[in-house]
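One structure below.
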Amino acid sequence: MPLTMAAGPVTWLQTTQNLGAFNEDLGAVDAFFEMVNTSGAPVRIIDARATCGCTVPEYPREEIAPGDTIRVRATYLASGRPGKFSKNIYVRTSAEPSKQQTLTVSGTVIGASSTLASRFPVVAGPMRLKSTTVPFGEVLRGKLKTIYIDAYNQSADSLRPQLIGLPPYIESHLTPEVVPPGEQMQLSLTLQTLKVSEWGINSGDFSLITAPGDTVAFDYFAIVTEDFSQLTPGQRLNAPVAELTPERVNLGELSDLKPRELTFELRNSGKSPMEVRRVQIADPTLSNLRISSTRIKPGKSARITLTFSPEKADGDFVAARLTVICNDPENSLLTARITAEINESSRK
């Protein structure tokens, strides 16, 4: 045990205790620290406080005579806390009330199956993950956004996970790179919007190799939008104003599954030219997307056409979407919805 030599009227025989690896099912484990009264007068512990409620210190309240020993017990409450831990306890004595001694208890909690299932519901070979979805959501162009995903090594071996298939605009860090048994890891994924070539919705997938032969798939999505926060009131007043019509196309019940061409008008009713950043469709029934112009003068319109193919519908109801992204600071994301019911008898 590490010995702390007396620098004052008391000597601590231990200032650190490593409890090693133990099962969460134990509930609570104890560490003990002994203090010797090396002064010439009685001494008592005034207080002992922990850094968090997961560690509970206990100590005798009575004085001890010169040469006697007193013991502090530190109980770590392991339930619901899988992984590595290190907690401090700060102790003050009557010999030197203005000073405090730091005692450290550490160890690794091997998670119980019930705790792991609730905190890390995704099984990925020898690891468990909190999630496999990376929801960046809406992020302004020029900004960064980071998502953190926790993981846990439930095996008896150290693991070196590896991410593969990430797009160039997502930066990743795995901490630590090597995960000891019973310890946690954190995946840090940062979206760098200036490296994203497409405005609007960007989505895809990548994989985490947790061990040879064990791979889990992740999916991500982000909506990259323009940052209009630096515009002056005058610039906003003279900005383009976007109008997309119609906002909804309801084709009703279809028994004829032949392709149909749909037309939309994108009008600029503002005072400055409109720049169309992106026109997007994301449904198997929509294809052949075209726009007559991506720069629209004030008072002018652009024509958007696409092909709707009902035979490509996944089910008997279609709810597709056309999305337009432009430089209108008040309405930069415009949406038109296309709905239809497919008569199943027409498929035969």
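When you look at Ser272, is it surrounded by 12 or more Cβ atoms within 10 Å (Cβ to Cβ), more than 17 Å from Val318 (Cα to Cα), among the small types (Gly, Ala, Ser) and not assigned by TED's automatic domain parsing to the domain that holds Ile201, yes or no? Quick ask: steps written out before the conclusion?
Numbers: surrounded by 12 or more Cβ atoms within 10 Å (Cβ to Cβ): yes; more than 17 Å from Val318 (Cα to Cα): yes; among the small types (Gly, Ala, Ser): yes; not assigned by TED's automatic domain parsing to the domain that holds Ile201: yes.
Criteria met by Ser272.
Show me the strands (runs of 3 or more DSSP E) entirely contained within region 91-177 in which 2 or more residues are of a type outside the set (Val, Ile, Thr).
In region 91-177, 101-110, 127-129, 133-140, 144-153, 162-164, 170-175 are the strands (runs of 3 or more DSSP E) which contain 2 or more residues that are of a type outside the set (Val, Ile, Thr).
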- Failed condition for Ser255, given (1) within 30 Å of Thr132 (Cα to Cα); (2) modelled with pLDDT under 95: (1)
- Message: Could you check region 156-170 and list, in sequence order, the residues that are hydrophobic (A, V, I, L, M, F, W, C) and more than 19 Å from the chain's Cα centre (by Cα)?
- Response: Ala156, Leu159
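Residue under question is Ser98, and the condition is that it be over 30 Å from Arg73 (Cα atoms) and either assigned by TED's automatic domain parsing to the domain that holds Arg81 or within 18 Å of the chain's Cα centre (by Cα) (or both); does it hold? Before the answer, list the steps.
Numbers: over 30 Å from Arg73 (Cα atoms): no; either assigned by TED's automatic domain parsing to the domain that holds Arg81 or within 18 Å of the chain's Cα centre (by Cα) (or both): yes.
No; evaluated as a whole, the condition is false for this residue.
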- So which residues in region 47-64 are in a loop (DSSP other than H, G, I, E, B) and either of a type in the set (D, E, K, R) or surrounded by fewer than 16 Cβ atoms within 10 Å (Cβ to Cβ) (or both)? Thr51, Cys52, Gly53, Pro60, Arg61, Glu62, Glu63
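So that you can scan it fast, the table gives a plain yes or no per residue for (1) outside any helix (DSSP H, G or I); (2) free of Cβ contacts under 8 Å to residues at least 60 places away in the same chain; (3) of a type in the set (Gly, Ala, Ser):
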residue: Ala21; (1), (2), (3): yes, no, yes
residue: Asp25; (1), (2), (3): no, no, no
residue: Phe33; (1), (2), (3): yes, no, no
residue: Val72; (1), (2), (3): yes, yes, no
- Residues of region 196-224 classified as over 20 Å from the mean Cα position of the chain (by Cα), under 25 Å from Val279 (Cα atoms) and in a strand (DSSP E or B), total: 1
- Query: Taking region 291-311, which residues are surrounded by 15 or more Cβ atoms within 10 Å (Cβ to Cβ), farther than 30 Å from Thr232 by Cβ and either not aliphatic (A, V, I, L, M) or not assigned by TED's automatic domain parsing to the domain that holds Glu247 (or both)?
  - Reply: Thr307, Phe308, Ser309, Pro310
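What's the total number of residues in region 270-297 that are in a loop (DSSP other than H, G, I, E, B) and out of contact with any Pro (no Cβ under 7 Å at 6 or more places or on another chain)? If you could, list the steps in order and put the result at the bottom.
Just the residues of region 270-297 that are in a loop (DSSP other than H, G, I, E, B), to begin with: 270-273, 282-285, 292-294, 297.
With the extra rule that they be out of contact with any Pro (no Cβ under 7 Å at 6 or more places or on another chain), the set shrinks to 282-284, 292-294.
Adding up the residues that qualify gives 6.
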- Message: What pairs come out if I take residues in region 314-339 that are within 22 Å of Ser255 (Cβ to Cβ) and free of Cβ contacts under 8 Å to residues at least 40 places away in the same chain and pair them with residues that are assigned to a strand (DSSP E or B) and among the acidic types (Asp, Glu) whose C-beta lies under 6 Å away, six or more apart or interchain?
- Response: Phe317/Glu341
- Does any residue of region 335-343 turn out to be under 29 Å from Arg141 (Cα atoms), outside the structural domain of Ser197 (by TED's automatic domain parsing) and either among the basic types (Lys, Arg) or in a loop (DSSP other than H, G, I, E, B) (or both)? yes
- Message: When the residues of region 312-324 are narrowed to those that are among the β-branched types (Val, Ile, Thr) and surrounded by 21 or more Cβ atoms within 10 Å (Cβ to Cβ), which ends up nearest to Gln280 (Cα to Cα)?
- Response: Val324
- Task: For region 75-86, state whether one or more residues are touching a residue at least 60 places away in the same chain (Cβ under 8 Å) and not in a strand (DSSP E or B).
- Result: yes
- Go through region 181-200 residue by residue and tally those that are surrounded by fewer than 16 Cβ atoms within 10 Å (Cβ to Cβ) and under 24 Å from Met127 (Cβ atoms). 4
- Message: Given (1) in contact (Cβ under 8 Å) with a residue 12 or more places away in the chain; (2) surrounded by fewer than 13 Cβ atoms within 10 Å (Cβ to Cβ), identify the lone condition not met by Arg260.
- Response: (2)
- For residues in region 118-168 being at pLDDT below 95 and of a type in the set (Phe, Trp, Tyr), which is nearest to Val179 (Cα to Cα)? Tyr152
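The values are calculated or read from the model by the stated rules, or taken from the named source; none is laboratory data. In this text the structure is predicted, and so the values were computed from the model without any measurement. Every residue, glycine among them, receives a Cβ derived from its backbone with ideal geometry; neighbour counts consider all protein chains shown.
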